[in-house]
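Participant: Got a structure for you, written out below as structure tokens; questions coming shortly.
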Amino acid sequence: MQDRQDSHDLIWILDNDPTCVTLYQQTLGLQYHLRAFSTVDDCMSACARLDPNEGPRILIADPENTNGSLVEFLRRNREEGGVPRFPEYIIASRLDDLELIRFYLKAGARDYILKPLRPNELVAKVERALNQISNREIFILRNDLDGISVSDLTFREHQLLTIFLSRPGRSVKRDDLYGAIWTKVTVNKKTLDVHLFNLRRKLRPHGYDIICQGQVFMLCRQMPKQVVKSSMEN
């Protein structure tokens with residue numbers, strides 16, 4: 001399966017049905033990077049090898065179309081305190097069983113989608129789950145940047161830094177930044193630019209900057225000459 005290179009969100013698929021994998025590619029593959037697994041063991045091995053700033057935003061799994069017992073893994077995962085960096089997940093299944101649905105939701109599933117998959121429902125539920133995950137992440141505010149403590153950040157600057165640090169490649173689309181921070185109110189979009197400008201000013205003395213490439217912002221290290229210039233400006 002080929003990944004799209006213009007998207008920052010990675011979604012893992014755990015499903016050994018080629019028809020279902022193709023449907024995921026034709027719908028979600030238009031907006032997101034996709035990586036497919038056919039066995040629980042392969043998926044969990046990949047999960048165990050993840051670096052802190054890597055990994056999928058969400059996993060979509062069909063327990064019936066999988067080599068290995070996802071149910072048993074989730075039971076063991078819950079009893080043993082969880083696997084490090086185990087992703088958020090959605091269950092997609094043909095089984096319309098109330099007790100099974102309850103089990104997966106209680107085990108931590110973000111949603112339960114019945115097959116056969118309906119493209120519009122799939123896209124809508126994945127978008128909702130990703131928004132919920134982003135909104136939850138910003139409540140765990142961070143001011144540490146690769147071991148460096150950045151002081152005097154406002155609440156909005158804390159939110160922005162936390163979002164950058166939680167994303168693969170530390171890159172975020174403008175609309176995603178705006179939507180993650182202002183979920184229930186509408187503000188002038190230039191407000192985001194003001195907060196980014198102030199955050200840049202506080203990051204530059206530490207050797208970091210936020211650059212803009214089209215509609216995508218990226219948190220990155222400055223070149224040595226930029227660090228010297230920024231220190232003089234501040």
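Read the figures in this text as sums done on the coordinates, not as results from a lab. What you are looking at is a predicted structure, and each value in this text was computed from that prediction instead of being measured. Neighbour counts run over all protein chains shown; Cβ positions are idealised from the backbone, glycine included.
Participant: 5 Å is the cut-off here: which amide hydrogens, built 1.01 Å from N in the peptide plane, fall below it relative to ASP111, excluding neighbours closer than 5 in sequence?
Facilitator: Placed amide hydrogens put ILE91 under 5 Å from ASP111.
Participant: Right, another one. Through the Karplus equation 6.51 cos²θ - 1.76 cosθ + 1.60, θ set to phi - 60°, convert the phi angles of the range 17-26 into ³J(HN,Hα) values in whole Hz; use x for Gly and Pro.
Facilitator: For the range 17-26, the Karplus curve yields 8, x, 5, 5, 4, 5, 5, 4, 5, 6 Hz.
Participant: Once you put a point 7 Å from the Cα of GLN25 and another 7 Å from the Cα of TRP182, both along the Cβ direction, what distance in nm separates them?
Facilitator: 4.0
Participant: Once you have the Cα-Cα distance between ASP17 and GLU88, take 0.36 nm times their residue separation minus that, and quote the gain in nm to one decimal.
Facilitator: That works out to 23.4 nm of additional length.
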